[in-house]
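Novice: This structure is in structure tokens; I'll ask about it shortly.
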Amino acid sequence: MPSQAHIRNLLAALLVYIMLAAAPVFANETEITVGVYHFPPIASIGADGKAEGLLGDLLREIEQTHPGVSFRVFHTSPKRRYLDFDAGLYDVIFFESSDWGWADKEVDITRPILADEELYVALRKPGRDSSFFDDLKNRSIVAISGYHYGFTGYETDNSVLERTFDIEFSDSHTRNIKLIKADRPSVAEVAIVSYSYLQRHLHRHPEDWDKLLISDEPDQRYQLSIVARQGGAASASEMLSLLAPLVENGQYRRLVEEWGLTLPAGFLTGFEAP
């Protein structure tokens with residue numbers, strides 16, 4: 001039978017282990033600047049300048065879990081986010097695909113932490129089915145400036161796209177869906193809308209189930225990560241460490257599901273904190 005002294009030593013060692021495991025990722029107060037652009041329901045900027053959508057909820061949860069960490073939101077745009085990154089105006093950006101123009105940047109990218117897809121949307125008309133989306137070069141398209149799309153080969157230069165497609169640009173899924181419903185073929189026959197946004201729209205406007213034709217196949221499926229500046233305020237590994245407690249207690253999964261989004265396949269079973 002172990003002695004009382006041995007038991008005390010074991011308890012002391014266990015206490016030290018628990019304290020180290022619960023220690024904050026950053027020993028000192030750390031502010032991390034996050035680039036945010038309009039990408040609903042994943043991310044957007046409110047009138048007060050704070051992040052909204054899944055990102056807003058997630059940043060607040062991370063700050064509550066790690067009192068030594070705070071986030072400052074830097075408002076950018078889909079097209080400007082790379083110039084602002086190059087200018088050093090923010091440290092990290094959440095929910096980006098590695099296919100979206102980051103390959104030539106000095107960045108570290110986490111494993112994927114979110115998944116979604118984008119679908120083609122048109123006005124439902126008699127005799128029109130999903131084959132309507134087969135040849136987009138013969139359709140008038142409305143898209144969001146600066147977004148990467150599968151049908152464009154991820155090209156984001158508006159002048160290049162305008163030479164290839166009959167395309168109009170906007171900055172809002174809401175406006176794009178309204179253009180489709182307005183039945184103005186010379187302006188917009190097809191819009192590209194994320195699955196998560198479309199589901200939220202149809203929940204709020206159930207009458208649109210009968211008005212909109214939605215493609216069977218997506219324009220693209222994407223897995224989204226956190227992109228961090230090399231040598232910046234927080235590395236990709238440190239960002240995952242900040243996220244880890246929320247993954248382990250189930251809160252991150254709950255937030256993702258509340259916003260109608262999904263986790264990458266195998267994310268929960270394969271997640272290991274750095």
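The values are calculated or read from the model by the stated rules, or taken from the named source; none is laboratory data. What you are looking at is a predicted structure, and each value in this text was computed from that prediction instead of being measured. Positions of Cβ are generated from backbone atoms using ideal geometry, with glycine treated the same way; all protein chains shown enter the neighbour counts. Accessible surface is based on the protein model in full, side chains and every heavy atom, while ligands, DNA and RNA are left aside. Shrake-Rupley method; radii C 1.70, N 1.55, O 1.52, S 1.80 Å.
Novice: Are there any pairs, at least 6 apart or on different chains, whose C-beta atoms fall under 6 Å, with the first in region 30-47 and more than 24 Å from Arg253 (Cβ to Cβ) and the second among the basic types (Lys, Arg) and at pLDDT 95 or above, and if so, which?
Specialist: Listed pairs, sorted by first residue: Glu31/Arg72; Thr33/Arg72; Gly35/Arg81; Tyr37/Arg81.
Novice: Mind checking whether some residue in region 54-61 is modelled with pLDDT under 95 and either surrounded by 11 or more Cβ atoms within 10 Å (Cβ to Cβ) or assigned to a loop (DSSP other than H, G, I, E, B) (or both)?
Specialist: Checked region 54-61: no residue is modelled with pLDDT under 95 and either surrounded by 11 or more Cβ atoms within 10 Å (Cβ to Cβ) or assigned to a loop (DSSP other than H, G, I, E, B) (or both).
Novice: When you go through Ser237, Ser241, Ser196 one by one, which is the residue that is among the small types (Gly, Ala, Ser) and touching a Gly at 6+ places or on another chain (Cβ under 6 Å)?
Specialist: One residue alone meets the criteria, Ser196.
Novice: For region 168-180, give me each residue that is open to solvent by 10 Å² or more (accessible area, probe 1.4 Å) and either under 19 Å from the mean Cα position of the chain (by Cα) or of a type outside the set (Phe, Trp, Tyr) (or both).
Specialist: Matches in region 168-180: Glu168, Ser170, Asp171, Ser172, Thr174, Arg175, Lys178, Leu179.
Novice: Continuing with this model, one more query. What about Arg253, is it crowded, with 17+ Cβ neighbours inside 10 Å and charged (D, E, K, R)?
Specialist: Criteria not met by Arg253.
Novice: Okay, moving on. Which condition number in (1) in a strand (DSSP E or B); (2) crowded, with 21+ Cβ neighbours inside 10 Å is the one that Arg72 fails?
Specialist: That leaves (2) as the condition not met.
Novice: Looking only at region 256-268, how many residues end up being modelled with pLDDT under 95 and open to solvent by less than 10 Å² (accessible area, probe 1.4 Å)?
Specialist: Residues meeting the conditions: 1.
Novice: Identify, from the list Tyr222, Tyr197, the residue that is part of a strand (DSSP E or B), open to solvent by less than 70 Å² (accessible area, probe 1.4 Å), within 22 Å of Phe94 (Cα to Cα) and not charged (D, E, K, R).
Specialist: Only one candidate passes the filter, namely Tyr222.
Novice: Mind checking which strands (runs of 3 or more DSSP E) fall wholly inside region 86-139 and carry at least 3 residues that are acidic (Asp, Glu)?
Specialist: 114-123
Novice: Of all residues in region 205-218, which are open to solvent by less than 20 Å² (accessible area, probe 1.4 Å) and of a type outside the set (A, V, I, L, M)?
Specialist: Asp208, Ser215 - these are the residues of region 205-218 that are open to solvent by less than 20 Å² (accessible area, probe 1.4 Å) and of a type outside the set (A, V, I, L, M).
Novice: Tally time: how many residues in region 92-106 are under 14 Å from Val34 (Cα atoms) and either among the basic types (Lys, Arg) or open to solvent by 10 Å² or more (accessible area, probe 1.4 Å) (or both)?
Specialist: Of the residues in that region, 1 qualify.
Novice: A follow-up question, please. Sort out which residues of region 30-49 are within 24 Å of Ser241 (Cβ to Cβ) and modelled with pLDDT under 95, and write them in order of number.
Specialist: Once the filter is applied, which keeps residues that are within 24 Å of Ser241 (Cβ to Cβ) and modelled with pLDDT under 95, region 30-49 yields only Thr30.
Novice: Which residues, counting only those in region 135-166, are charged (D, E, K, R), out of contact with any Ser or Thr (no Cβ under 9 Å at 6 or more places or on another chain) and either surrounded by 20 or more Cβ atoms within 10 Å (Cβ to Cβ) or under 11 Å from Val190 (Cβ atoms) (or both)?
Specialist: Asp135, Arg139
Novice: Something else now. Which condition from (1) in contact (Cβ under 8 Å) with a residue 60 or more places away in the chain; (2) touching an Asp or Glu at 6+ places or on another chain (Cβ under 6 Å) is the one that Ser70 breaks?
Specialist: That leaves (1) as the condition not met.
Novice: So is Leu89 touching a residue at least 24 places away in the same chain (Cβ under 8 Å), open to solvent by less than 10 Å² (accessible area, probe 1.4 Å) and within 22 Å of Glu29 (Cα to Cα) or not?
Specialist: Considered against the rule, which asks whether it is touching a residue at least 24 places away in the same chain (Cβ under 8 Å), open to solvent by less than 10 Å² (accessible area, probe 1.4 Å) and within 22 Å of Glu29 (Cα to Cα), Leu89 comes out as no.
Novice: Something else: Could you check Lys50 against (1) surrounded by fewer than 19 Cβ atoms within 10 Å (Cβ to Cβ); (2) in contact (Cβ under 8 Å) with a residue 24 or more places away in the chain; (3) touching a helix residue (DSSP H, G or I) at 6+ places or on another chain (Cβ under 7 Å) and say which number it fails?
Specialist: Of everything listed in (1) surrounded by fewer than 19 Cβ atoms within 10 Å (Cβ to Cβ); (2) in contact (Cβ under 8 Å) with a residue 24 or more places away in the chain; (3) touching a helix residue (DSSP H, G or I) at 6+ places or on another chain (Cβ under 7 Å), Lys50 misses just condition (2).
Novice: Could you tell me whether Asp183 is touching a helix residue (DSSP H, G or I) at 6+ places or on another chain (Cβ under 9 Å) and either open to solvent by 10 Å² or more (accessible area, probe 1.4 Å) or of a type in the set (S, T, N, Q) (or both)?
Specialist: No: the conditions fail for Asp183.
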